[in-house]
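Report on the structure given below.
The values are calculated or read from the model by the stated rules, or taken from the named source; none is laboratory data. Computed from a prediction, not measured in an experiment: that's the story for all the values here. Note: ideal-geometry Cβ built from the backbone for every residue, glycine included; neighbour counts use all protein chains shown.
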Amino acid sequence: MQQLEASDAIIRSRDREIAALNARLAGKDEIIAEAGEQIARLEFEIVAANQKISNAEAEIQVQDAELESLNSELASEKNRFRELSATSIRAELTHLQQISIELPEPADLLNRLKSQRKKSKADLADIEAILEILDK
């Protein structure tokens, strides 16, 4: 009987040890479950962040294409402006060359001056000097 009581005592002791181990195991299971939930949240956040990165990269590609298009358009406009400027300058120069004034002979001009202003003190040398100035 004593052996039976000793066996019962060992069994109760083992039962208490098993209960303590089960309690520790339940605590560990709870920690593992919380860690699993945190991992799931982090994985969701990673997926969302990766989607944002993909969207941002796509937007950057669109903006790069727009910028390239605008740079090309700007270069074309610069070239067009240069061509227009050169063309308009050439046209103005041609126009000015075509409307060059033919100056009268100094003697004719002096005679006209004397006929309109009888007391004019200008002489032929003065008229020649004036015509040279105008010719430049």
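Checked against the criterion of being in a helix (DSSP H, G or I), on the phi < 0 side of the Ramachandran plot and at pLDDT 95 or above, the candidates ILE60, ILE11, ILE31, ILE18 yield just one match: ILE60. The requirement of being exposed (fewer than 10 other Cβ atoms within 10 Å of the Cβ), charged (D, E, K, R) and either within 30 Å of GLU128 (Cβ to Cβ) or touching an Asp or Glu at 6+ places or on another chain (Cβ under 9 Å) (or both) is satisfied by GLU102.
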